[in-house]
Every structure is written in structure tokens, then in C-alpha cells.
Amino acid sequence: MINQELQVNLNKQPLYRGMLIYRKEYGYSLLTLIVDLYTPTEQSSVTSNLGAIDLVEECNCLPSCLPLAAVDIYHFAVTEGTEITVTVTDRAEEHQARYTIHANGIEEHPSSLRLHVIHVCASKRTAFIQR
């Protein structure tokens with residue numbers, strides 16, 4: 001019985017599948033997303049949305065070694081108000097993470113997938129992980 005309750009609670013927790021690195025420097029905001037793929041059948045996609053414009057971001061897929069099958073890397077500029085959707089799909093499931101860029105940082109929306117969010121300020125030589 002305890003094992004069943006533990007399994008149910010684990011299934012409700014969002015999956016951490018990589019990291020989102022947010023750099024703001026000299027008036028520019030840059031995002032680097034690193035998405036972990038565990039099986040060869042998994043695929044990721046990242047869409048950025050500003051107003052009525054949806055952009056599918058370009059991916060660099062790097063093969064990896066166990067326990068990962070591959071790592072997808074996205075790197076692009078963003079502005080305040082940009083909404084980011086990260087999707088990881090497999091044959092049976094689809095998980096999404098959603099973020100919104102604000103002047104103060106990144107707002108994370110409740111989702112079934114999460115990325116570790118890291119803020120980097122090169123001019124102050126600081127970095128911190130958002131929780």
C-alpha cells in the first residue's frame with residue numbers, strides 16, 4: 001500500500017529534463033535550453049511566442065551516452081513578454097514546460113515538465129538558480 005501511494009506521488013511530480021540558462025547583458029536577453037532525452041524515440045521542440053508571432057526554435061541535437069540517448073540544445077534571443085513552450089514527446093506521452101520572460105526574470109508556469117532555471121549576469125559575474 002505504501003509503495004502504491006509513493007508511486008502515485010512520484011507520478012504527480014514534474015519531471016526535471018535539463019536546464020534553461022537566462023543571460024541578460026548589455027540590453028540583450030539570451031536563452032540557452034538544454035533538454036535531456038532518455039530514449040531514441042523521444043523528441044523535443046521549443047516554441048517562442050511574442051504577441052501573435054509563434055517561432056519554432058532551431059535545435060542542435062547531440063548524441064549522448066547512458067543514461068541519456070541525446071541532448072537537444074536551443075539558443076536564441078528573447079524580449080520581455082516572450083512565452084516559451086518546451087515539449088518532449090515520446091510514442092505514448094507528451095510533456096510540456098511553459099515559461100514567460102519578464103523584466104525581473106523568468107516566470108515558470110505549472111506543468112508536467114520542468115527545467116532547472118539559471119540566471120547569469122556576466123557584468124556582475126554572478127549566477128543563481130531559480131527555485
Completion exercise
Expected single match for more than 21 Å from His119 (Cα to Cα) and not in a strand (DSSP E or B) among Thr87, Thr39 is Thr39
Practice task
Scan (1) under 21 Å from Tyr16 (Cβ atoms); (2) surrounded by 14 or more Cβ atoms within 10 Å (Cβ to Cβ) for the single condition Thr82 breaks and write down its number.
Solution key: (1)
Completion exercise
In segment 13-42, residues that are over 13 Å from the mean Cα position of the chain (by Cα) and either polar (S, T, N, Q) or more than 17 Å from Val86 (Cβ to Cβ) (or both) total 11
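Conditions (1) at positive phi; (2) modelled with pLDDT under 95, marked per residue:
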| position | (1), (2) |
| --- | --- |
| Leu33 | no, no |
| Tyr38 | no, yes |
| Thr47 | no, no |
| Gly51 | yes, yes |
| Asn60 | no, no |
| Val71 | no, no |
| Ile84 | no, no |
| Ala92 | no, yes |
Exercise for the section: Determine which single condition Tyr16 fails, assuming it passes every other condition in (1) assigned to a strand (DSSP E or B); (2) modelled with pLDDT of 95 or more. Expected result: (2)
Exercise for the section: Output the number of residues of segment 94-131 satisfying the condition of being of a type in the set (A, V, I, L, M) and modelled with pLDDT under 80. Expected result: 3
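The values are calculated or read from the model by the stated rules, or taken from the named source; none is laboratory data. This structure is a prediction, so every number in the text was calculated from the model and none was measured. Virtual Cβ from ideal backbone geometry, glycine too; neighbours counted across all protein chains shown.
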